[in-house]
Amino acid sequence: MITFWQQENDKLRRCESPERDSERRAWLDARQVSREDIRVLKDEYGVLEEHILDILDTDELSRVEKEDGYTLIILRLPLFQPSEDVSYVTVPLGIILSGNCLVTICGTDCEVLHDLSENRAKRLSLSDFPAFIIHVLSHADNTFLRYLKEINRRSTLIQNELQRSVQNDELIKLLNLEKSLVFFTTSLKSNQLLLEKLYKTRFLHFDEDDRDWLADVEIDNRQAIEMADTYSDILSGMMDAFASVISNNLNIIMKKLTIISLILMVPTLIVSFFGMNIPLPLPNFGYMGISVVLALCIGASLAAHFMLNRTDEHPKKRRVKREGRKKTRKPETSAR
């Protein structure tokens, strides 16, 4: 869908293409691009089809290049998808400067473009296209930082749930958050290279104030990269810790089952000697045979209970008990 915006009284106003004043600067906003939109961009505004396809490619990295008649800038924007398993992803945004028209092309709708079109960005002006591009980059960094804090908050909540009970759903949620952090880190580093290239080269004509502002945006982008790296390391360590906990719990369960099976082998071994061809012991003593079998079962149950309690007892408690026995024995030896 293609939308045209022009500025009136410091506010962006939506207008139809025939109503647009060609002498005034305008913003052509193309989101959720269809085949018809691609044809319009190619035929009426002279955008190369290969550039449109590059912008619509979800894996396209940030870059800037100059063609005959326009300048192309591709950057990465954060996207929140609450209905998807991986809620936080990134998408490419293409910005094309051609005469009095600034064209933005995005394969989907995102919060950054929505806020700009709703006049939520302060001091946004179409009269200065380089400043408009810095507005987009700055708003993207702020959105990245906000989403990173939200990811950290969600991972903390999931960690609290996992401390009560380790469930597969929570582990999958942590894995999806780790994927989001990888997407954010890759996109932020790509945007960082774009910012450095815009600052050092002359693709766009920035004045002194714009260059200072671009340097501040670069600092914010570096901060977002460090936050993404830190949260990713924390999340990776958390996943490794919970994997160790699951493995430890499995070892404890297998140890208990091994103890039970070994103890049950003793009465099973005794009873298995007496098959169909061997007479049972104590056949003329009434319930004596049943009493012997019951005694074996009770003994096996008591042994299993004792051994399982020893495995459940914490090693520190056993160490304290041993030290307590040693202290009680020392006065006896000295009295003798």
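The values are calculated or read from the model by the stated rules, or taken from the named source; none is laboratory data. Quick caveat: nothing in here was measured; it's all calculated off a predicted structure. Note that we place each Cβ from the backbone using ideal geometry, even for glycine, and neighbour counts take in every protein chain shown. Please note that ligands, DNA and RNA were not included when accessible areas were found on the heavy atoms of the full protein model with its side chains. Shrake-Rupley method; radii C 1.70, N 1.55, O 1.52, S 1.80 Å.
Is it true that residue 289 is surrounded by 14 or more Cβ atoms within 10 Å (Cβ to Cβ) and modelled with pLDDT under 70? So residue 289 fits the description; yes.
Among the criteria (1) closer than 22 Å to residue 143 by Cα; (2) in contact (Cβ under 8 Å) with a residue 12 or more places away in the chain, the one residue 171 does not fulfil is (1).
Six or more apart or on different chains, Cβ under 7 Å: which pairs go from a residue in the stretch 5-16 that's open to solvent by 100 Å² or more (accessible area, probe 1.4 Å) to one that's assigned to a strand (DSSP E or B) and among the hydroxyl-bearing types (Ser, Thr, Tyr)? Could you list them? Correct list of pairs: 14/3. The strands (runs of 3 or more DSSP E) falling completely within the stretch 1-72 that include 2 or more residues that are of a type in the set (S, T, N, Q) map to 2-8. Pick from the stretch 90-104 the residues that are under 34 Å from the mean Cα position of the chain (by Cα) and polar (S, T, N, Q): which of them is most open to solvent (accessible area, probe 1.4 Å)? The extreme case among them is 90. Taking the criterion of being open to solvent by 90 Å² or more (accessible area, probe 1.4 Å) and closer than 13 Å to residue 90 by Cβ, the residues of the stretch 49-69 that qualify are 59, 61.
Note on the stretch 93-127: residues that are in contact with a helix residue (DSSP H, G or I) (Cβ under 8 Å, 6 or more places away or on another chain), outside any strand (DSSP E or B), in contact (Cβ under 8 Å) with a residue 60 or more places away in the chain and not hydrophobic (A, V, I, L, M, F, W, C) total 2.
Please work out which residue is farthest from residue 134 (Cα to Cα), limiting yourself to the stretch 189-222 and to residues that are open to solvent by 70 Å² or more (accessible area, probe 1.4 Å), of a type in the set (Asp, Glu) and part of a helix (DSSP H, G or I).
Once the filter is applied, the top-ranked residue is 208.
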